[in-house]
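Notes follow once the structure below has been shown.
The values are calculated or read from the model by the stated rules, or taken from the named source; none is laboratory data. Bear in mind the structure is a predicted one, so any value in this text is a computation, not a measurement. Reconstructed Cβ throughout: ideal geometry from the backbone, glycine too, with neighbour counts over all protein chains shown. Just the protein is used for accessible areas: all its heavy atoms, side chains included, with ligands, DNA and RNA removed. Shrake-Rupley method; radii C 1.70, N 1.55, O 1.52, S 1.80 Å.
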Amino acid sequence: MNTTYFTNGKNKAALAPKSVEQMPHSKAGLSFTDWRDARKKNHKWRNIRWAILVFMNLLFVLSFTFDLAVLEGSLSGSRLIGFYLMDPYNSLQLLAVSSRTGYITMLTMNFWIGLTTILLFWAVLGGRSYCSWMCPYHFISEWAEKLHLFLVKKKKISERSFNRGIRFVILIGFVLLAFLTKNLVFENLNVVGIVSKAMIYGPSLLLLWVLFIILVEVFLSRRFWCRYICPIGTTWSLVGHVSPLAVKFDLEKCGYCLECQKVCLVPHELWFVKRGTATQDEHYVGSDCTRCGLCIDVCPGKALSYSIKGASAVL
Amino acid sequence: MKKNANEVSRRDFLKSGAIAAGAIAVIGAGTFVLDHEAAKSMPREGFLRPPGAIEEEDFLYGCIKCGLCVQICPVHAIKLAGAHEGLGYGTPYIDPREQACDFSCDALQCVETCPTSVLDFKQFKETGLRAVEAAAAEPGVDMSQVNPFEVQKVAMKNAVKIGKAVVNKHTCLAHAGKPFKGVSRGTDFSGILRSPNDVNSSATPLRDREYDQDICHLCVTECPIGEKAIVQVRNRNGRKLIPRVLDGCTGCGVCEMVCPTEHASIVIEPF
């Protein structure tokens, strides 16, 4: 495996920016703005992704409502046609609690198999792909984001951003808390689990907490939960480090328009799209990327695409 | 002096990280207090856990609230607790008056499906296997004529301890010497069950059953465990026929569900 699989050329020296003649809009014979706005209405990957997200969550609901036995349980723990799948962050907390109470030896083989299966599954498919392709809260949040961006555009509110490192404090903090209180504390605040269970088993009072988070995302800070809080996403982001499925960036087709960063949940992972920052002709978007495909949809030069890391070396 | 970008972001992280850590500490302290207050003020009376539930304290620690037990139950007897249950939020419970566990799944599927084994299947599995061994060891038994699955199933069912039924003498129809005729819980009651004598393999609505008993003993008739759990006996002076709960009662709650009085005259009390 080549060394850039993980480092992605971040610590190398930047390449020289392209000249006007080398820019994709010049090659296409268009003005820069015409070239840039050409694909604004393209929503191919978003629509595919939403269809899959809605279908999978509907499968949970229908499996319960009509006893389908296809995808039982909820996003905390489930069975897909009889095979167990366990949420890794939930499991991490459970391991913290059960190592304290000595209950760890009682955990079933199904638990271990379920945990391993889901880790392998998303390790192949991109870690945080779970967020954008499965998580029902992500779907709600995308709509809240639209509203938020509208309000920012109308200058009703101003944008606030925080340090992304908070996520790791939260991730470790709640595992520690589980260990100390012997309680799965985060599960009571887990908007993903609350939304998932509310859809499947019926609404509960805790939806008020979800509403509160949505209001924070609309009025305070863009994608607050997903960007700075959610330890489930952070866990998947760690898994994403080894994942071969990633979004590939092709410098030659890039016109430095930054449209991709505008739609991205994790724009810091697209650090190489700014003029004069790319260090290689090709970059892969890092592990925080949810592989949602919004950047692929919006990119006027089709410089971004789904790709398998290291495939060119193997084939 | 101008600070470099790294230094700014480090300070930024320390600041927001400290806020996050503070928030977690507050939540932790809150949980700790709630946990201890809840233990004092909420003895969870009448809060029945599904079969095989381990001790309540450990149960709360280990249940990940996935709802797999809820899904697998063929009669939908298991529900998830709401936010008013405090820290027990999202954990499964049974409200037998609305829908009792009637064992129509045959093999304690809710217990078997639990991935964290807070519903502990191991104990039932061992009980079942021991029962099969015991049946085979009995003299004069031809094992080819015995279905080991049946033996196992019955032994597992009998080993369930959700709680124990208690009869309220003041409201029980049998204690008043009264008959019962008609549909037990009204025609709009949605509970379902499989009677011990049913040829059907699946549960049917209680509202479809008409009873006609000179002295009411629905609880005895419908008990899925049978004479090990509840029997109709004469009281001390021999004048009344009353139901008596025995040690074999599993607390499944079918008696509580079928009881025709306005408030159930036989209720399950958790251990």
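Looking across A:71, A:80, A:62, one residue alone is in contact with a Phe, Trp or Tyr (Cβ under 6 Å, 6 or more places away or on another chain) and of a type outside the set (Ser, Thr, Tyr). It is A:71.
Across the stretch A:163-175, a minimum of one residue is classified as within 14 Å of another protein chain (Cβ to nearest Cβ), under 21 Å from residue A:261 (Cβ atoms) and open to solvent by 20 Å² or more (accessible area, probe 1.4 Å). Number of residues in the stretch A:97-128 that are crowded, with 17+ Cβ neighbours inside 10 Å, of a type outside the set (Val, Ile, Thr) and within 12 Å of chain B (Cβ to nearest Cβ): the value is 8.
Just so you know, in the stretch A:72-91 the residues that are within 7 Å of chain B (Cβ to nearest Cβ) and of a type outside the set (Gly, Ala, Ser) include one that is most open to solvent (accessible area, probe 1.4 Å), and it is A:79. Would you point out which residue out of A:6, A:66, A:55 is of a type outside the set (Gly, Ala, Ser), over 22 Å from residue A:251 (Cβ atoms) and either in the same structural domain as residue A:301 (by TED's automatic domain parsing) or at pLDDT below 90 (or both)? Selected residue: A:66, the only one of A:6, A:66, A:55 that is of a type outside the set (Gly, Ala, Ser), over 22 Å from residue A:251 (Cβ atoms) and either in the same structural domain as residue A:301 (by TED's automatic domain parsing) or at pLDDT below 90 (or both).
For the stretch B:144-155, the criterion of a residue being open to solvent by 40 Å² or more (accessible area, probe 1.4 Å), touching an Asp or Glu at 6+ places or on another chain (Cβ under 9 Å) and closer than 26 Å to residue B:218 by Cβ is satisfied by no position. Being more than 17 Å from residue B:94 (Cβ to Cβ) and loosely packed, with under 15 Cβ neighbours inside 10 Å is not true of residue B:261. Residues considered: B:201, B:190. Of these, the only one that is within 30 Å of residue B:271 (Cα to Cα) and either touching a Lys or Arg at 6+ places or on another chain (Cβ under 9 Å) or open to solvent by less than 30 Å² (accessible area, probe 1.4 Å) (or both) is B:190. Suppose we keep only residues that are more than 7 Å from every other protein chain (Cβ to nearest Cβ) and assigned to a strand (DSSP E or B) within the stretch B:54-82. Which one would you say is surrounded by the fewest Cβ atoms within 10 Å (Cβ to Cβ)? Here the residue is B:79.
Taking the numbered list (1) of a type in the set (D, E, K, R); (2) within 12 Å of chain B (Cβ to nearest Cβ); (3) in contact (Cβ under 8 Å) with a residue 24 or more places away in the chain; (4) open to solvent by 20 Å² or more (accessible area, probe 1.4 Å) in turn, residue A:37 passes all entries but (2). Could you tell me which numbered condition residue A:94 fails, if it satisfies all but one of (1) crowded, with 24+ Cβ neighbours inside 10 Å; (2) under 13 Å from residue B:61 (Cβ atoms); (3) more than 7 Å from chain B (Cβ to nearest Cβ)? Of (1) crowded, with 24+ Cβ neighbours inside 10 Å; (2) under 13 Å from residue B:61 (Cβ atoms); (3) more than 7 Å from chain B (Cβ to nearest Cβ), only one is false for residue A:94: (3).
Return yes when residue A:242 is open to solvent by 30 Å² or more (accessible area, probe 1.4 Å), within 30 Å of residue A:301 (Cα to Cα) and away from every other protein chain (no Cβ under 11 Å) and no when it is not. Yes. Among all residues of the stretch A:139-153, there is at least one that is away from every other protein chain (no Cβ under 14 Å), touching a Cys at 6+ places or on another chain (Cβ under 8 Å) and touching a residue at least 12 places away in the same chain (Cβ under 8 Å).
Among the criteria (1) within 25 Å of residue A:187 (Cβ to Cβ); (2) hydroxyl-bearing (Ser, Thr, Tyr); (3) over 17 Å from the mean Cα position of the chain (by Cα); (4) surrounded by fewer than 22 Cβ atoms within 10 Å (Cβ to Cβ), the one residue B:93 does not fulfil is (3).
Scanning the stretch A:255-264 for residues that are part of a loop (DSSP other than H, G, I, E, B) and open to solvent by less than 50 Å² (accessible area, probe 1.4 Å) yields A:255, A:256, A:257, A:264. Of B:233, B:267, all but one fail to be free of Cβ contacts under 8 Å to residues at least 40 places away in the same chain and assigned to a strand (DSSP E or B); the exception is B:233. Given the structure, is residue B:46 assigned to a loop (DSSP other than H, G, I, E, B), at the interface with chain A (Cβ under 8 Å from one of its Cβ atoms) and modelled with pLDDT under 85? Against the criterion (assigned to a loop (DSSP other than H, G, I, E, B), at the interface with chain A (Cβ under 8 Å from one of its Cβ atoms) and modelled with pLDDT under 85), residue B:46 does not qualify. Answer yes if at least one residue in the stretch B:123-133 is assigned to a helix (DSSP H, G or I), within 14 Å of another protein chain (Cβ to nearest Cβ) and either closer than 28 Å to residue B:264 by Cβ or in contact (Cβ under 8 Å) with a residue 60 or more places away in the chain (or both), and no otherwise. Yes. Filtered by the rule that a residue be facing another protein chain (nearest Cβ under 7 Å), open to solvent by 10 Å² or more (accessible area, probe 1.4 Å) and closer than 25 Å to residue A:97 by Cα, the stretch A:176-203 gives A:177, A:180, A:181, A:182, A:188, A:197. Could you grab me the full set of residues in the stretch B:58-75 that are β-branched (Val, Ile, Thr) and either under 15 Å from the mean Cα position of the chain (by Cα) or in the same structural domain as residue B:192 (by TED's automatic domain parsing) (or both)? Scanning the stretch B:58-75 gives B:70, B:72, B:75. The residues listed here are A:217, A:252; of these, the one that is on the phi < 0 side of the Ramachandran plot, open to solvent by less than 50 Å² (accessible area, probe 1.4 Å), acidic (Asp, Glu) and in a helix (DSSP H, G or I) is A:217. Summed over the stretch A:281-310, residues that are open to solvent by 30 Å² or more (accessible area, probe 1.4 Å) and over 17 Å from the mean Cα position of the chain (by Cα) total 4.
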